[in-house]
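Enquirer: Here you go, one structure.
The values are calculated or read from the model by the stated rules, or taken from the named source; none is laboratory data. Note that the coordinates shown come from a computational prediction; the quantities given were computed from them, not determined experimentally. Backbone-built Cβ (ideal geometry, glycine too); neighbour counts: all protein chains shown. Just the protein is used for accessible areas: all its heavy atoms, side chains included, with ligands, DNA and RNA removed. Shrake-Rupley method; radii C 1.70, N 1.55, O 1.52, S 1.80 Å.
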Amino acid sequence: MTLPRASSPAPTRPDSEPTAIMLSDAAESFREILSPPFRAVLGKSLAITIGLLVVLWIALDSLAANLIQGSEPWLHTTLSILTGAGLFLGLGFLVAPTTSLIAGLFLDEIAEVVEKTSFPADPPGTALPLGTAMAVTAKFTLVVLVGNILALLLLLVPGVNLIAFLIVNAYLIGREYFEAAAVRFRSPAEARALRRAHGLRVFIGGLIVAVVLAIPIVNLVTPLFATAFMVRLHKRISAAA
């Protein structure tokens with residue numbers, strides 16, 4: 001399946017586009033998710049994400065409380081404080097897979113808004129069938145969850161925890177969100193091949209998203225931001241091909 005050449009971004013060589021242009025696209029994507037066309041999706045995404053994180057917190061907190069029940073008062077208090085801190089830290093790492101799960105619910109809706117508002121002269125993409133979209137979402141969430149568990153284990157290694165978090169998520173987010181934007185115009189195999197051919201640019205794009213993901217509160221809008229940003233990156237790469 002061949003993607004029509006995008007007309008909105010100015011054509012550039014695939015490997016020579018300045019990082020400044022990517023940062024400009026990132027800034028525009030962030031502004032766009034606060035615009036009126038995005039507000040309904042933003043509200044639904046935030047509500048579901050926060051609700052799911054609250055449910056995870058309650059479940060983990062209840063499990064921890066049962067494990068330390070019956071200990072000496074001083075030990076119970078100490079373990080409660082340590083458990084609370086651990087849960088807070090662990091929940092921070094669960095933001096990535098949680099937002100990945102939510103992204104699958106709204107990805108096509110977000111991408112369609114970006115395509116219509118920012119690239120009105122280009123033919124719109126085609127949403128994936130429901131079954132395929134659910135399978136892609138499940139795979140995406142599982143991959144990000146496993147990657148972040150590995151990053152969480154590296155938390156014990158001084159000096160590499162944040163670096164590990166950024167690198168792991170830059171690769172996973174860049175890969176999955178870019179391919180998700182690309183399959184609206186290409187077959188999965190073509191989307192994967194395009195991503196591999198421009199691996200460095202996709203990784204840098206993923207790194208920009210990973211930085212947003214590392215910022216508390218702001219990271220709740222990651223699915224919308226990443227989708228809007230990767231739609232733009234895919235359009236630029238396609239225009240330059």
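Enquirer: Within the group 214, 181, which residue is surrounded by fewer than 24 Cβ atoms within 10 Å (Cβ to Cβ) and touching a helix residue (DSSP H, G or I) at 6+ places or on another chain (Cβ under 8 Å)?
Expert: Being surrounded by fewer than 24 Cβ atoms within 10 Å (Cβ to Cβ) and touching a helix residue (DSSP H, G or I) at 6+ places or on another chain (Cβ under 8 Å) holds for just one of 214, 181, which is 214.
Enquirer: Report whether or not residue 115 is of a type in the set (D, E, K, R) and modelled with pLDDT under 70. So that I can check it myself, show each step before the final result.
Expert: On the way: of a type in the set (D, E, K, R): yes; modelled with pLDDT under 70: no.
Considered against the rule, which asks whether it is of a type in the set (D, E, K, R) and modelled with pLDDT under 70, residue 115 comes out as no.
Enquirer: Further question: Which of the residues that make up the stretch 20-47 are open to solvent by less than 40 Å² (accessible area, probe 1.4 Å), within 16 Å of residue 113 (Cβ to Cβ) and of a type in the set (A, V, I, L, M)?
Expert: Within the stretch 20-47, 33, 41, 42 qualify.
Enquirer: Taking residue 226, is it within 11 Å of the chain's Cα centre (by Cα), surrounded by 16 or more Cβ atoms within 10 Å (Cβ to Cβ) and of a type outside the set (Asp, Glu)?
Expert: In short, yes.
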